[in-house]
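Following: one structure in structure tokens, then a few remarks.
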Amino acid sequence: MIDLDIIGPIFNTPVVEGGEPLKLPGWHVNTTPSGLAARADLEPFVVSPEPSQLRRVWAGDDPLNPVLTVPLRFASETEARAVLDLSAQA
């Protein structure tokens, strides 16, 4: 099992003060460089180019220049669960 941080949906800050946050496309999960090395099949899901600032990173990582965190984006939660074999996890 590789290290995973399941984030799920991500929302943008509202454009207008008091406005509704906008849901960004996809289902988001973070892994580590060693997790990606162990699961080369995850390469197509790596967010590239990386976001300008990650919202969540592994402890000690820099959100502006991540070294320990590899962001992944799947089309849906269903796809993420199938690819990551999370069927047993709720």
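The values are calculated or read from the model by the stated rules, or taken from the named source; none is laboratory data. Remember, it's a predicted structure, so these values are computed and weren't measured experimentally. Cβ coordinates were reconstructed from backbone atoms using ideal geometry, including for glycine residues, and neighbour counts include every protein chain displayed.
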task: Quickly run through the range 11-48 and pick out the residues that are of a type in the set (A, V, I, L, M) and closer than 12 Å to F74 by Cβ.
output: V29, L42, V46, V47
message: Looking only at residues that are in contact with a Leu (Cβ under 6 Å, 6 or more places away or on another chain) and aliphatic (A, V, I, L, M) in the range 4-35, which one is nearest to R81 (Cα to Cα)?
response: V29
message: Whether any residue in the range 3-20 is β-branched (V, I, T), touching a strand residue (DSSP E or B) at 6+ places or on another chain (Cβ under 8 Å) and in contact (Cβ under 8 Å) with a residue 60 or more places away in the chain is what I want to check.
response: yes
- prompt: Of all the residues that make up the range 12-53, how many are of a type in the set (S, T, Y) and modelled with pLDDT of 95 or more?
  reply: 3
Residues (out of contact with any strand residue (DSSP E or B) (no Cβ under 6 Å at 6 or more places or on another chain), β-branched (V, I, T) and surrounded by 14 or more Cβ atoms within 10 Å (Cβ to Cβ)) located in the range 58-90: V83
message: For the range 37-66, give me each residue that is touching a helix residue (DSSP H, G or I) at 6+ places or on another chain (Cβ under 9 Å) and either in contact (Cβ under 8 Å) with a residue 12 or more places away in the chain or closer than 16 Å to P9 by Cα (or both).
response: R39, D41, L42, F45, V46
- request: Select from the range 25-57 the residues that are assigned to a loop (DSSP other than H, G, I, E, B), of a type outside the set (V, I, T) and touching a strand residue (DSSP E or B) at 6+ places or on another chain (Cβ under 7 Å) and list them in ascending order.
  value: G26, E50, P51, L54, R56
